[in-house]
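Report on the following structure.
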Amino acid sequence: LTLEIQVSKTAHLFHVVDQIFQWSEFCHRQYARYFEALDGGLNAADRDRLAQHATLRQAHGWGGGLEQTFYTAVDLETALAQGVQAGWLTESEAQTERGVLKHFQPRIERLLSEERPVLDAFREQLSAQQTNLAAFAQTLSRFVGGARITVPVYLMANPEDTMIGGGFNGERLTREIPCKRDAYPSLLHELFHA
């Protein structure tokens, strides 16, 4: 098992917008609550942009190209170009999503900046757990017939102290890292899905 651990601005832009809209029962409300409490809440322009994102999300669903496009270590423009080239997005969809994500970018980057120490600490925790992770991976590999995989893992800023979320969609794993609760066990859970 190889984990490619990332803290990506592009992934954050997409993930937080996706969660704010609450398009699925599996979206996490802490992002909407964070935005509602920030600088006067969500305004009409915000809601218009979220509606544009919803149209795109409804067309693609879980794992239908959006995760592959935006859960990446590259910058937003490169991600959009790669998404169009791979056929995950049309040029029109890429243009729409660019506008949506750029609209929310300053506030999402603020959240990422506020929570960066928590993400860095979790990254260090994973490094310290390398021996345990290797043993876990070996056992899990035997359980699934000797599979050897590489999993891109995107650590997400989380405005809640104890709530944990994320998942494995589109061959990418996301993990929302709270500051007052250990996200390591839930990471292991998601690795089972991978």
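The values are calculated or read from the model by the stated rules, or taken from the named source; none is laboratory data. Just so it is clear, the structure is predicted and the values come from calculations on it, not from any experiment. Here Cβ is always computed from backbone atoms with ideal geometry, including for glycine, and neighbour counts include all displayed protein chains. Note: areas computed on protein heavy atoms with side chains; ligands, DNA, RNA excluded. Shrake-Rupley method; radii C 1.70, N 1.55, O 1.52, S 1.80 Å.
At a glance:
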| item | result |
| --- | --- |
| Cβ pairs under 6 Å, 6+ apart, first in segment 101-117 and farther than 20 Å from Glu77 by Cβ, second surrounded by 15 or more Cβ atoms within 10 Å (Cβ to Cβ) | Leu111/Ala157; Glu115/Ala157 |
| Test: residue in segment 87-101 that is open to solvent by 30 Å² or more (accessible area, probe 1.4 Å), in contact with a Phe, Trp or Tyr (Cβ under 7 Å, 6 or more places away or on another chain) and either closer than 15 Å to Asn169 by Cα or not hydroxyl-bearing (Ser, Thr, Tyr) (or both) | no |
| Close pairs from segment 129-149: first on the phi < 0 side of the Ramachandran plot, partner part of a helix (DSSP H, G or I) and polar (S, T, N, Q), Cβ under 7 Å, at least 6 apart | Ala147/Ser141; Arg148/Ser141 |
| Qualifying position, being within 28 Å of Gly64 (Cβ to Cβ), in contact with a Ser or Thr (Cβ under 9 Å, 6 or more places away or on another chain) and among the charged types (D, E, K, R), among Arg98, Arg181, Arg148 | Arg148 |
| Meets criteria (open to solvent by less than 80 Å² (accessible area, probe 1.4 Å) and without any contact (Cβ under 8 Å) to a residue 60 or more places away in the chain) for Leu80 | yes |
| Count - residues of segment 1-42 that are open to solvent by 70 Å² or more (accessible area, probe 1.4 Å), free of Cβ contacts under 8 Å to residues at least 24 places away in the same chain and at positive phi | 1 |
| Residues of segment 108-126 classified as within 22 Å of Asp46 (Cβ to Cβ) and open to solvent by less than 40 Å² (accessible area, probe 1.4 Å), total | 4 |
| Single unsatisfied condition, Ser127 versus (1) in a helix (DSSP H, G or I); (2) within 30 Å of Arg148 (Cβ to Cβ); (3) modelled with pLDDT of 95 or more | (3) |
| Any hit, segment 52-62, residues being surrounded by 19 or more Cβ atoms within 10 Å (Cβ to Cβ), more than 13 Å from Phe14 (Cα to Cα) and over 14 Å from the mean Cα position of the chain (by Cα) | no |
| Wholly enclosed strands (runs of 3 or more DSSP E) of segment 144-194 bearing at least 3 residues modelled with pLDDT of 85 or more and touching a Gly at 6+ places or on another chain (Cβ under 8 Å) | 172-177 |
